[in-house]
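Have a look at the structure below, then the notes.
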């Protein structure tokens, strides 16, 4: 890709966000009812190509059960309020009512309670007993401490999720997590991320990961670009990492690693473009936090919002647009792309003539920057 001269001493590659691209119809159309949006990772099949982000404003054990019953893959934050407090509901209500001026300080106090391994087992057990696929997430820093508790609780999929996750973390203070050895020794599939570049993702694929989360600091509740100056426009990142998946398949003799767009996927159009760029599924945070039955009560935040040293996120008000059912499967309440997300994906696939997600990854895409009038 052509580089642009930023100045005499620095050049940079042009990268694209989802707002910069558009999907192009083909010569064929289909009936939306004949389009499949299902996907499978390892032995687990899902009707919807959607993972729920492991964030307290998005997933509680009960919301995870409901989300799984609707056909998605719920992921519970195992470092959140549900594994730190016996009864987190009053704290969730308090966070939703905090004045913005004191929100970060108070959230730090609430999240200072240590993680309770017994609560990890209890929460995952609730989801497992409901017959829903069980997935839990830990940061790389907490994985070595709590992974055995998570696996013993009967988790189906293990998610290692951070602002960024690399296969080669260098530390002079403590022995870093050896991802390749960890994944090799684990009995369950592991999804890791985020990753934002071809090289970083290729190294994660070589660790044996079943899936790679693509994104870095682009979510609605993140301020990573403002605080650290780091950002990966997601259309380019997904396309780059889909290229890494293709090359890794050749290198490994056919092993397929799933690419999951994570962060900055706020509307149904973003989901369409993520798949068009090569994603197998998307991870949604703010889009699901808008559900009237979400734990955040119209607010959304991630672990970065209460970081003890350098917050790189904030609690944001996203409002409510409908129930979880309406957000995922409709009926849509408006024309802004925040409800009936999967119905919109199905219609986009039908309009462009594709019958399943794998086919739709081959759809034509054009660069067409869009500014709302």
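The values are calculated or read from the model by the stated rules, or taken from the named source; none is laboratory data. Note that this is a predicted model, so its numbers are computed, not measured. As a convention, Cβ positions derive from the backbone with ideal geometry for all residues, glycine included, and neighbour counts pool all protein chains shown.
Counting the residues of segment 87-110 that are within 16 Å of residue 295 (Cα to Cα) and touching a helix residue (DSSP H, G or I) at 6+ places or on another chain (Cβ under 7 Å) gives 7. Scanning segment 349-373 for residues that are outside any loop (DSSP other than H, G, I, E, B) and within 21 Å of the chain's Cα centre (by Cα) returns 357, 358, 360. Checking each residue in segment 121-145 for being modelled with pLDDT of 95 or more and part of a helix (DSSP H, G or I) picks out 121, 122, 123, 124, 125, 126, 127, 128, 129. So for segment 158-177 (the condition being crowded, with 16+ Cβ neighbours inside 10 Å, at pLDDT 95 or above, outside any strand (DSSP E or B) and within 18 Å of the chain's Cα centre (by Cα)), does at least one residue qualify? No, every residue in segment 158-177 fails to be crowded, with 16+ Cβ neighbours inside 10 Å, at pLDDT 95 or above, outside any strand (DSSP E or B) and within 18 Å of the chain's Cα centre (by Cα).
Once segment 212-229 is narrowed to residues that are surrounded by fewer than 24 Cβ atoms within 10 Å (Cβ to Cβ) and closer than 21 Å to residue 315 by Cβ, the residue that is modelled with the lowest pLDDT is 220.
Have a look at 261, 239, 279, 305 and point out the one that is outside any loop (DSSP other than H, G, I, E, B), in contact with a strand residue (DSSP E or B) (Cβ under 8 Å, 6 or more places away or on another chain) and farther than 30 Å from residue 94 by Cβ.
261
Scanning segment 82-95 for residues being over 17 Å from residue 149 (Cβ atoms) and within 22 Å of the chain's Cα centre (by Cα) gives a total of 1.
Restricted to segment 324-348, and to residues that are touching a strand residue (DSSP E or B) at 6+ places or on another chain (Cβ under 6 Å) and not in a helix (DSSP H, G or I), which residue is nearest to residue 80 (Cα to Cα)?
The qualifying residue nearest to residue 80 (Cα to Cα) is 339.
Condition check ((1) more than 14 Å from the chain's Cα centre (by Cα); (2) at pLDDT 95 or above; (3) over 19 Å from residue 354 (Cβ atoms); (4) surrounded by fewer than 24 Cβ atoms within 10 Å (Cβ to Cβ)) across all residues:
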{"site": "255", "(1), (2), (3), (4)": "yes, yes, yes, yes"}
{"site": "258", "(1), (2), (3), (4)": "no, yes, no, yes"}
{"site": "263", "(1), (2), (3), (4)": "no, no, yes, no"}
{"site": "271", "(1), (2), (3), (4)": "no, yes, no, no"}
{"site": "282", "(1), (2), (3), (4)": "no, yes, no, no"}
{"site": "288", "(1), (2), (3), (4)": "no, yes, yes, no"}
{"site": "293", "(1), (2), (3), (4)": "yes, yes, yes, yes"}
{"site": "296", "(1), (2), (3), (4)": "yes, yes, yes, no"}
{"site": "302", "(1), (2), (3), (4)": "no, no, yes, no"}
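Would you say residue 244 is crowded, with 20+ Cβ neighbours inside 10 Å, within 17 Å of the chain's Cα centre (by Cα), in a helix (DSSP H, G or I) and modelled with pLDDT of 95 or more? No.
Of the candidates 346, 315, the single residue that is crowded, with 17+ Cβ neighbours inside 10 Å and at pLDDT below 95 is 315. Taken as a whole, segment 318-332 holds at least one residue that is buried (at least 20 other Cβ atoms within 10 Å of the Cβ), closer than 20 Å to residue 95 by Cα, in contact with a helix residue (DSSP H, G or I) (Cβ under 9 Å, 6 or more places away or on another chain) and touching a residue at least 24 places away in the same chain (Cβ under 8 Å).
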